[in-house]
Every structure is written in C-alpha cells, then in structure tokens.
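J.: If you scroll down you'll find the structure; I have some questions about it.
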Amino acid sequence: MSERLPRARAIRLGWTCAAVAVLCALPFYLDAFWLRIGLFSMAAAVGAVGLGLLSGTAGQLSLGHAFFLAVGAYGYVWLAGEPGPGLPTAVAAVLAVLLAGAAGGLFSPVAGRVRGIYLGVATLALVFLGHHVLLTADSVTGGFNGRSVPPLELGGFSFSTDSELTLLGVPFGAEERLWYLGLALFAVTWFTARGILRSRPGRALVALRDSETAAAVMGVNVSRYRSAAFVVSSMYAGLAGVLLALSFRRVVPDYFGLVLSVDYLAMIVIGGLGSVAGATAGAVFVTTLPLLMTRYADQLPLVAAPGTTDGTVGPTEAARYLYGAAIVLILLFAPDGLHGLARRLRARLRRRGAAPPPSGTTAPSQPTASAVRAKEPTP
C-alpha cells in the first residue's frame, strides 16, 4: 500500500501537468468562438465553486447568487470607468471583489439566523432588489442599456485589442489574452476552495450541514460560520462577475436576473454538491450547452435557428429543457452528481485492473462439516 500511494500521486501529477499544458496551448489553435465559450465557462466555474461552498458544504440555500455577480461586475465597471473614480483597472478589480464580499457581509446576519427555504426566499429578494437598482441608478449602472467595460491592464499589458501582439505567428486578441487571465483566476479559485474544504473551517461547515446541534456541541459557532460561508461565497461570485464583465465587454441589468441564479443552482446540482471538481463540471455543462445549440441550431431537429420562427423551440429554451432533464436524472440515479459518478467509475476500473492473486497461493481451506467433531451433550 505504501508503494502505491507515491505512484498514484505521480500519475495524478502527470495528468494535471498534461491538462495544464493542453489548456495553455488551446489559444494557439482555437478560434474566437471556442475561446469565448471557455472564458464564460471559467467565469461560471468560479461562481459555481463559491455557491458550492455555501449550499453544498455549508448547507445554505441561496437564490441570490446573481446579485453578488452583479455587484462584482458593476463594481468593477464603475470603479474603473467614467463616470466613476477612474481607478487603475487592477485596483478596481480587487475592490470589486471586496465590495461583493462586503455586500455578503451586510446580508450575513440574516444568513446566520435564517436557514432552509426561508433563507432561499430572503436571498431571492436580493435579486429583485438588485435588478431594480441596476435599472434606476443610471449614473452608476447606465440604466437599461448598461455600460461598456474598461479593459483590464496589468503592468502596462492590456487585455484588449488596443495593442498588437503576436506569439509564434498567432495574433493574440482580447479572447486569447483573457484566456490566460481566466486560467489564472480559476486556478486561484480551485486551490483556495480545496484548501478551505480540507481545513478546520471546512470540516466545521460540513459538520454544520450535517447537524447544527452536533456541530454546536463540538464547539462550532453556528452563526459565525454560517455568516462566514456567505461572505466567502459572495467574494467568489464577485470575482466571477469581474471575469464575466471583462469577457462580455458590456454589462446590462437583464443578464443578472433570477434565471442566472437558477442556472448556478443547476450547475452545483448536476456537478455534485460540496465538490470543487463537480461544480466546475456542472458549470461547463450548463454554460456550454446553450451556446453550442445556438451555433448548430440549423442542424438540430425541432430547434429553431436564431432569428427564425422555424422549429418548435429556440436553442436557449431547448438547452434549458435538456439540463432540466439532466437535473431530474441526476437526482434519481446519481444524487452525488457527475463528480460522484466519475468517482464510482474510477473505483470500478481500479478494481478491474487490480492484479489477481499469485497462482501458487491458495486460500486457506475451511474444514468440512463431516470433519468437525460433534459437540458432546452436557450430562
């Protein structure tokens, strides 16, 4: 067993390095459409990981995740743009994440005292309140038409097409540059979230989800940890909002509605509650499906191409039907999501690949019934 552990770690490290190398090489081979899908998926994965910590690990239902994404996106646009303070874009991005965390902190007293469906309804109010503010605060949000997003600049390097850049004969536009930014932010999200889950606060959140009474008996401050989980989840959502704003290059209020919050719930349910890898897989599935169906709608049956009335449903609605059906199937046949399904598949393959016992060894034989001496009756 001791020899298998280093070997398994080496194999896992090799696969990780290979995956990183492939992801870093993709901008040299993919066109802008596929890079945008990757950017949207990475931004969604960052937000889904935050919601997974809140709902999957801490057991708190939240329907207001779209509100905190909007705080991060519009916070960056206002802090870095005009009208606004006009701060350096890197500083504005950090402050936008902190602003989302502060918004979560203002709501944390409610999260510390309310749970279950009541917390879900309370967070649902945030979505409608935030949408109303985005539409009416024209000087900050731009109203119904939204605002354009200032490109991010780090050390004089711009993540836009303002300056020409060519690497190995491949012109690098905004999508190629933002791809590496998204990879870096997702890597930070991945390792920090896994660190939280493996640390003492992560174990306290799991105990809190399983039984608040048992957690309190073991010394866990229930209200404090529930509030902290909400703040951390809000900061992840704010980071996802900043990356979404940079990817879209324009933010509008209608995007940050109730449908977006439901999409994020679908991501963590499909991927697997309480799992960083599962939240990532669910985010990729939910984000990619409608974009692919929109591009290939003219080749799919019963799906209308964008801008036409042919077919039964549009590609976006068809995608929602499909991942709605996926949620039902997951709940019925794989309650632990895609991550649990993959874990069981790996375990099955590992059992099949296990070496058989040596041919020269035989299991110890059990004595037959006739060879066992009968017990004498007690006089």
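The values are calculated or read from the model by the stated rules, or taken from the named source; none is laboratory data. What you see is a predicted model; the values in this text were computed from it and never measured. Virtual Cβ from ideal backbone geometry, glycine too; neighbours counted across all protein chains shown. Heads up: the accessible areas ignore ligands, DNA and RNA and are worked out on the full protein's heavy atoms, side chains in. Shrake-Rupley method; radii C 1.70, N 1.55, O 1.52, S 1.80 Å.
J.: Just name the residue that is most open to solvent (accessible area, probe 1.4 Å) out of those in region 79-137 that are at pLDDT 90 or above and of a type in the set (Ser, Thr, Tyr).
T.: Among them, the one singled out is 136.
J.: What are the pairs with Cβ atoms under 7 angstrom where one residue, in region 164-182, is surrounded by 10 or more Cβ atoms within 10 Å (Cβ to Cβ) and the other, located anywhere, is among the polar types (S, T, N, Q)? Sequence gap at least six, or different chains.
T.: 172/166; 173/161; 174/160; 174/161; 178/247
J.: Now a separate question. Which one of the conditions (1) assigned to a helix (DSSP H, G or I); (2) of a type in the set (Gly, Ala, Ser); (3) at positive phi does residue 111 fail to meet, given that it meets all the rest?
T.: Of (1) assigned to a helix (DSSP H, G or I); (2) of a type in the set (Gly, Ala, Ser); (3) at positive phi, only one is false for residue 111: (3).
J.: Which one is nearest to residue 61 (Cα to Cα) among residues in region 202-221 that are of a type in the set (A, V, I, L, M, F, W, C) and open to solvent by 40 Å² or more (accessible area, probe 1.4 Å)?
T.: Filtering region 202-221 down to residues of a type in the set (A, V, I, L, M, F, W, C) leaves 204-208, 214-218, 220.
Filter once more, so that each one left must be open to solvent by 40 Å² or more (accessible area, probe 1.4 Å): 206, 214, 216-218.
On the way: 206: 14, 214: 20, 216: 20, 217: 23, 218: 23 Å.
Filtering first and then ranking leaves 206.
J.: Same structure, new question: Is it the case that residue 245 is in contact (Cβ under 8 Å) with a residue 40 or more places away in the chain, assigned to a helix (DSSP H, G or I) and in contact with a strand residue (DSSP E or B) (Cβ under 7 Å, 6 or more places away or on another chain)?
T.: Judged against the criteria, residue 245 is a match.
J.: Need the failing condition index for residue 76 against (1) of a type outside the set (Val, Ile, Thr); (2) open to solvent by 50 Å² or more (accessible area, probe 1.4 Å); (3) under 21 Å from the mean Cα position of the chain (by Cα), just the number.
T.: (2)
J.: Let me ask something else. What are the pairs, 6+ residues apart or on separate chains, where a residue within region 332-348 that is of a type in the set (A, V, I, L, M) has its Cβ under 9 Å from a residue that is open to solvent by 80 Å² or more (accessible area, probe 1.4 Å)?
T.: Close Cβ pairs satisfying both conditions: 334/341; 334/344; 341/333.
J.: Hey, another quick one. Within the set of pairs 6+ apart or on separate chains, which have a first residue in region 5-32 that is open to solvent by less than 90 Å² (accessible area, probe 1.4 Å), a second that is of a type in the set (Asp, Glu) and assigned to a helix (DSSP H, G or I), and C-beta atoms under 7 Å apart?
T.: Cβ pairs passing all conditions: 27/176; 32/175.
J.: Moving on to the next point. State all residues of region 294-307 that are open to solvent by 20 Å² or more (accessible area, probe 1.4 Å) and either within 11 Å of the chain's Cα centre (by Cα) or not β-branched (Val, Ile, Thr) (or both); if no residue qualifies, say none.
T.: Residues satisfying the conditions are 295, 296, 298, 299, 300, 301, 302, 305, 306, 307.
J.: Return only the number of the condition from (1) open to solvent by 10 Å² or more (accessible area, probe 1.4 Å); (2) within 21 Å of residue 182 (Cα to Cα) that residue 51 does not satisfy.
T.: (1)
The rows are residues; the columns are (1) hydroxyl-bearing (Ser, Thr, Tyr); (2) surrounded by fewer than 20 Cβ atoms within 10 Å (Cβ to Cβ).
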{"residue": "200", "(1), (2)": "no, yes"}
{"residue": "223", "(1), (2)": "yes, yes"}
{"residue": "232", "(1), (2)": "no, no"}
{"residue": "246", "(1), (2)": "no, no"}
{"residue": "264", "(1), (2)": "yes, no"}
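J.: In region 266-292, which residues are among the hydrophobic types (A, V, I, L, M, F, W, C) and open to solvent by 20 Å² or more (accessible area, probe 1.4 Å)? Break it down stepwise before answering.
T.: Filtering region 266-292 for residues among the hydrophobic types (A, V, I, L, M, F, W, C) gives 266-270, 273, 276-277, 279, 281, 283-286, 289, 291-292.
Scanning region 266-292 gives 269, 273, 277, 281, 284, 285, 289, 291, 292.
J.: Could you check how many residues of region 295-341 are in a loop (DSSP other than H, G, I, E, B) and of a type in the set (Phe, Trp, Tyr)?
T.: Step one: filter region 295-341 for residues in a loop (DSSP other than H, G, I, E, B), giving 296, 300-302, 304-312, 314, 334-336.
From the residues that got through so far, the ones that are of a type in the set (Phe, Trp, Tyr) too are 296.
Of the residues in that region, 1 qualify.
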